[in-house]
Amino acid sequence: RTTMKSLRFISAEAFVSNAEFARRSLAAVAHDLFPLLFKASYLLEQGEVIHDLVENWPLFDFNMGKLLGATVDYQEDLSHRTCSVCLESCLTGLRDYVLNQSSPYMKKLKVVDLTGIKDVEVQFCKCKKTMGRWARTQLLSKLCSELLVYLQQAQCNPGTFEISINVLIDLFVTERNYELVVQALLKKCSCPLKICCVAFRSDNLTLQKFFYIIKLTDPSLLRKLEIVHNVHLEMEHLEVLFNSIHFPLLMSLTLPARTFNVQRFTATDEQMLSNIGEKMGEMSQLTELSMSFSILTGRIQKLLSPLKTPLKMLDVSNCSLNHADMAYLANSFHANHLEALDLSGHDIPELYPSTFFKLLSHCSSVLRSLTLEDCNIQDTHVNMLILGLSPCQKLQEFKFIGNPLSSQALKLLFTFLCELPMLKNVEFPVPRDCYPIGITYPIDDASLCRFDHQKYERVAQELNLILLQANREDVKASTPLFGSYDAAVQETNNELGAYLIKSFKETLEKFTTSFNKMS
């Protein structure tokens with residue numbers, strides 16, 4: 001698909017395509033042409049030109065999302081291109097903006113916003129080398145520290161120390177880049193480039209380090225907080241976090257697996273859960289909540305009823321919800337506002353079919369994303385599911401892998417899905433008839449790939465043909481056996497893998513020691 005370019009944009013491309021000429025001529029370029037030249041340079045991956053444009057940026061703000069998004073001159077949105085060449089050139093250009101004392105432009109820049117960059121699975125840049133959120137966090141922190149060292153050692157223009165630029169960024173911190181980020185945040189007051197953390201994701205960190213760094217980020221500015229995987233945060237730690245730190249602007253909260261476990265609750269724990277609910281109720285902006293793989297049986301109301309703002313996104317996958325939880329969700333004021341809902345890992349047809357469909361009908365006018373993975377949806381439930389999904393005319397994404405559905409049932413479902421006008425992404429299961437007879441659900445990891453691959457390919461082609469015949473080439477249908485793509489996990493999987501091996505080794509050593517003592 002080709003996107004129309006204006007004559008201005010074509011001229012800009014011609015200008016930046018000769019990097020040496022463009023860099024020499026920048027001093028003669030009108031201020032209002034810089035955004036146009038930036039987008040053209042980004043499209044053509046002209047790193048040196050990008051660097052010089054940023055180094056000499058003549059405007060008050062530099063907003064990556066707006067600069068790379070759809071513009072009058074070129075409609076294509078380039079904000080999902082996390083091209084390493086382009087992004088590194090941007091950030092080094094920003095450092096040199098501070099250091100460059102001979103720039104012909106007066107230094108007006110006050111705000112740099114890097115939060116509009118989107119990390120996606122398929123990259124279209126020529127270099128095919130991406131710079132994800134973790135690497136952007138690493139590079140910006142490194143540049144800030146280097147900048148301070150240079151300013152302290154070199155004879156700089158006194159005006160350099162008066163430069164103050166707020167750099168808005170989504171930070172991603174793990175054990176490997178922790179020290180570097182801490183140093184950059186500690187010296188924020190002295191550095192001309194001031195890291196302003198809008199969203200914070202932590203993984204593979206000890207609780208002590210997490211609590212230390214979260215205070216350094218200035219939590220009063222934080223809009224999104226993701227504490228995931230290898231941060232062993234439990235309910236008592238969450239209560240301490242909420243009691244000691246205020247998050248007035250927080251809109252989105254993701255908690256790690258096993259934060260809550262009501263199976264071992266005491267009276268004190270019940271009070272703690274109530275306190276956490278009340279603290280979340282004080283977060284007037286909170287509209288997105290993810291707490292998958294916790295055991296929350298019968299406690300959803302206690303946790304969510306204090307919220308004063310309706311939730312738009314709720315992920316309670318694998319949380320062992322019971323009928324009372326589902327009844328609360330279906331009848332709560334959140335139901336009419338839910339745009340994204342994940343109920344994976346619950347036996348919906350067996351436990352609460354009517355309550356689930358009530359919830360679905362309440363959120364149908366706004367629902368954009370629905371995930372029902374490993375929910376024991378079988379062929380006999382498909383007609384009911386179609387009935388429940390019919391009013392969901394704004395649905396863009398439907399994920400239902402891990403359900404025991406036959407290829408025949410999938411064809412029936414796909415024929416219906418073609419009628420949902422906004423649908424863009426479908427994740428469907430390997431048909432049950434592709435697995436050996438007698439396979440039990442949920443399928444364990446060892447058996448997940450033991451299916452008839454040729455038969456699966458035939459069925460997948462037939463399903464895509466249904467989409468094609470209904471003129472729905474815009475719908476992407478896939479079967480990600482081991483879960484959807486996660487840019488953050490993908491970027492740090494080596495570190496996380498090493499951590500898991502280390503944890504396994506330590507557990508094995510403890511077991512061996514205990515066993516030897518017993519012997």
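The values are calculated or read from the model by the stated rules, or taken from the named source; none is laboratory data. Please read these numbers as outputs of a predicted model, since none were measured by experiment. For neighbour counting, all protein chains shown are included, and Cβ atoms are generated from backbone atoms with ideal geometry for every residue, glycine included. What goes into the accessible areas is simple: the full protein's heavy atoms, side chains included, and nothing from ligands, DNA or RNA. Shrake-Rupley method; radii C 1.70, N 1.55, O 1.52, S 1.80 Å.
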Checklist entry - In the range 96-116, what residues are of a type in the set (G, A, S) and open to solvent by less than 50 Å² (accessible area, probe 1.4 Å)? => result S103, G116
Checklist entry - Could you say which residue among A330, A335, A340, A324 is within 30 Å of Y456 (Cα to Cα) and modelled with pLDDT of 95 or more? => result A340
Checklist outcome for this item: Going through the range 373-384 in order, the residues found to be of a type outside the set (V, I, T) and either open to solvent by 60 Å² or more (accessible area, probe 1.4 Å) or touching a helix residue (DSSP H, G or I) at 6+ places or on another chain (Cβ under 7 Å) (or both) are D374, C375, N376, Q378, D379, H381, N383, M384
Checklist entry - Restricting attention to the range 18-67, and to residues there that are of a type in the set (K, R) and under 21 Å from L99 (Cβ atoms), which single residue is most open to solvent (accessible area, probe 1.4 Å)? => result R24
Checklist entry - Restricting to the range 427-459, what's the tally of residues that are of a type in the set (D, E) and either under 31 Å from the mean Cα position of the chain (by Cα) or closer than 23 Å to V475 by Cα (or both)? => result 4
Checklist entry - Of all the residues that make up the range 68-95, how many are open to solvent by less than 20 Å² (accessible area, probe 1.4 Å) and in contact with a helix residue (DSSP H, G or I) (Cβ under 7 Å, 6 or more places away or on another chain)? => result 11
Next on the checklist: Name the residue that is nearest to the chain's Cα centre (by Cα), counting only residues in the range 252-281 that are over 17 Å from V228 (Cα atoms) and in a loop (DSSP other than H, G, I, E, B).
Outcome noted: F265
Checklist entry - In this structure, does S244 turn out to be at pLDDT 95 or above and open to solvent by less than 60 Å² (accessible area, probe 1.4 Å)? => result no
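Quick one: which residue in L307, L314, L289, L303 is open to solvent by less than 30 Å² (accessible area, probe 1.4 Å), touching a helix residue (DSSP H, G or I) at 6+ places or on another chain (Cβ under 7 Å) and not in a helix (DSSP H, G or I)? Can you show your working first?
Details: L314 fails: touching a helix residue (DSSP H, G or I) at 6+ places or on another chain (Cβ under 7 Å); L289 fails: touching a helix residue (DSSP H, G or I) at 6+ places or on another chain (Cβ under 7 Å); L303 fails: not in a helix (DSSP H, G or I).
The match here is L307.
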Checklist entry - Of all residues in the range 117-161, how many are open to solvent by 80 Å² or more (accessible area, probe 1.4 Å) and in a loop (DSSP other than H, G, I, E, B)? => result 8
Checklist outcome for this item: Restricting attention to the range 208-220, the residues that are buried (at least 16 other Cβ atoms within 10 Å of the Cβ) and more than 27 Å from N63 (Cα to Cα) number exactly 3
Checklist entry - Given the structure, is V459 open to solvent by less than 20 Å² (accessible area, probe 1.4 Å), in the same structural domain as I348 (by the TED database) and assigned to a helix (DSSP H, G or I)? => result yes
Item to check | Of all residues in the range 267-286 being open to solvent by 70 Å² or more (accessible area, probe 1.4 Å) and free of Cβ contacts under 8 Å to residues at least 60 places away in the same chain, the one that is farthest from L222 (Cα to Cα) | outcome: A267
Checklist outcome for this item: Residues of the range 1-47 being under 31 Å from the mean Cα position of the chain (by Cα), closer than 14 Å to L68 by Cα and part of a helix (DSSP H, G or I), in sequence order, are F34, P35, L36, L37, F38, K39, A40, S41, Y42, L43
Checklist entry - Within the range 343-372, restricting attention to residues that are charged (D, E, K, R) and either open to solvent by less than 30 Å² (accessible area, probe 1.4 Å) or over 21 Å from the mean Cα position of the chain (by Cα) (or both), which residue is nearest to C319 (Cα to Cα)? => result D347
